[in-house]
Amino acid sequence: MSQLKVVSFISKTLSRKLHSQNCIFHQNIRRNSVASTHIHEHCIKYVFATRGSLILNTSSRFCLPSFLSFQRFYCAENSAFSSLEETTESCSNDPVDNVYKVVVDHANPGHKMEVALDKLEIELTTPLVVEVLRKLCYEEKLAFRFFTWAGHRENYSHESQAYNEMIDILSSTKYKVKQFRVVCDLLDYMKRNDKSLVPLEVLLKILRQYTEKHLTHLHKFAKKKKIRVKTQPEVYAFNLLLDALCKCCLVEEAEALFTRVKSKVKPTADTYNILFFGWCRVRNPGRAMSVLDQMINIGHKPDNFTYNTAIETFCNAGMVMQAADLLEFMRTKGSTMSSPTAKTYTIMIVALVQNDMMVEYSKVLGDMLNSGCVPDVLTYKELIEGMCLAGKTEAAYKLLEEMGNKGYPADIVTYNCFLKVLCDNKDRDEALRLYQKMTEVGCVPSVQTYNMLIVMFFRMGDVDGAFETWHEMSKRGCTRVTETYCVMIEGLFDNNATEEACFLLEEAVNRGMKLPYRKFDSFLMRLSAIGDLRAIHKLSEHMRTFYNPAMARRFAINQRQKSMKLRGK
């Protein structure tokens, strides 16, 4: 094959494959090290050298991921390049890749990344650390966590190159305006002075300079409002520093730093909150409760948000009993500010139901009702949704009954929240059972109730059930609104009942209903597909009275272009 044919083949192949594969390889290239980049460059040189003796300048702006997608495609078509593919895939024993894999696999807060790295028993060198950091350049928190672990290893100390790489990563992150800028200042000092630990006086100086440079708006606001700031200015920067460490799961380092500095900088409630959330993040409830006790003993009062976040964190981590103990602590020892709310009880009840702890659930539910905490619409939705997703539909019904017995009967909004969950899960029998229960207790169904039922029937392909609900609205005296017509017409089109859909669409037009712009465009597309020109003309003339024709035309063209792009045409 001549050089010209090779170039032509490359051009055509890339144009066909780039759109579908470039995004995937761009994601993969972010995880590749410098070593793997050299491999890709070697692939490029090899292909051009063997197929035409062309010279490629690897420093030019050539898209390596795009070419790699071409190389893999071409190797699949030509067996002569199979050995090159094997060379690319055979570099999995590289120590850099091994370290990177351990870091990524233990990225979750509950995983012991440091313990897993220790088990590798790998000899750290500055080039190795730098290459791992480069692979983690888009994961600033993981990179800093690995950097800290490496700095604590025996027979190794960071050199300027490692510091520069870490500072570059943190200074280009989205958090650079907040937490990690003060971290960069600390790292810069350690690099310039060859220190493994920042002296206390120097640390306070850095915090003070950071505050004066980056948090000047606090002082300007205080001066403008003539407010006397009693808090030391360094505490704001100190809190940001602790927050950065905790977000990287370096809570032990954050607490050690707090112990060193608290005699010089008076901690605030936010300081304790940061440490408290940090221990919750790494799933250590014992240390979190210890910080909470210190916070209360020193005179700070945790607010309700602090407790709710901790309880939710424990529940998500599977520590339901620890969350229950914290709830009991709120009830018995908490202040008025931190007494449990409906949101607190909702988090706890959902977790108990999902873990099949029905005895504890009944106790917490009784405590909630006895304390006068009535769920609002949002908490009702969370309660019922959590119970239904856990398969505890009977428990959800029991909740409604107990609320009614306590003098808080469920209204139409509560029932609709319940019904939405059942309809989304396509639980037809339970949805109809709930609808029957609504009518029995005298709760009048709303338009939203019928709309949800109609959507559920159409999703299940039950056109007859949707029409029965449609007629049920007339029997109950519920007026059909524009949204009901749109739901019905769209569902009929989706289920290939075009004749009935066109009939209802014409009825909506005759009633003078203003259809939403998106629905109008969607219905035009459906009518175009079946070639009903009369209906298209009538619908367009009807919508002309509500919308500007030029705008309507532009909107339809834009939507059509988006649809074509999604289909890859």
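The values are calculated or read from the model by the stated rules, or taken from the named source; none is laboratory data. Here the structure is a predicted model, which is why all the values come from computation and not from measurement. Note that we place each Cβ from the backbone using ideal geometry, even for glycine, and neighbour counts take in every protein chain shown.
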Of 330, 319, 348, 368, which residue is in contact with a Lys or Arg (Cβ under 8 Å, 6 or more places away or on another chain) and not basic (Lys, Arg)? 319
Touching a helix residue (DSSP H, G or I) at 6+ places or on another chain (Cβ under 6 Å), closer than 19 Å to residue 209 by Cα and at pLDDT 85 or above - does that describe any residue in region 243-259? yes
Tabulated pairs, region 313-334, first buried (at least 16 other Cβ atoms within 10 Å of the Cβ), second basic (Lys, Arg), C-beta under 9 angstrom, 6+ apart or interchain: 313/281; 313/283; 314/283; 317/283; 319/283; 334/301
Close pairs (7 angstrom Cβ cut-off, 6 or more residues apart or separate chains): modelled with pLDDT under 85 in region 281-308, assigned to a loop (DSSP other than H, G, I, E, B) and hydroxyl-bearing (Ser, Thr, Tyr) anywhere: 301/335; 301/338; 302/338; 303/338; 304/338; 304/341; 307/338
Is there a residue being loosely packed, with under 15 Cβ neighbours inside 10 Å, charged (D, E, K, R) and either at positive phi or assigned to a helix (DSSP H, G or I) (or both) anywhere in region 271-290? no
Looking for whichever is part of a helix (DSSP H, G or I), surrounded by 14 or more Cβ atoms within 10 Å (Cβ to Cβ) and either acidic (Asp, Glu) or without any contact (Cβ under 8 Å) to a residue 12 or more places away in the chain (or both) here; the options are 360, 394. Which one fits? 360
Any residue in region 159-170 that is under 26 Å from residue 317 (Cα atoms) and surrounded by 13 or more Cβ atoms within 10 Å (Cβ to Cβ)? no
Which one is farthest from the chain's Cα centre (by Cα), of the residues in region 497-523 that are of a type in the set (Gly, Ala, Ser) and farther than 15 Å from residue 544 by Cβ? 508
All but one of (1) farther than 30 Å from residue 408 by Cα; (2) modelled with pLDDT of 90 or more; (3) hydroxyl-bearing (Ser, Thr, Tyr) hold for residue 449; which doesn't? (1)
Does residue 369 satisfy the condition of being assigned to a helix (DSSP H, G or I), more than 30 Å from the chain's Cα centre (by Cα) and aliphatic (A, V, I, L, M)? yes
Consider residue 207 carefully, then state whether it is surrounded by 12 or more Cβ atoms within 10 Å (Cβ to Cβ), in contact with a helix residue (DSSP H, G or I) (Cβ under 8 Å, 6 or more places away or on another chain), modelled with pLDDT of 80 or more and within 25 Å of residue 272 (Cβ to Cβ). yes
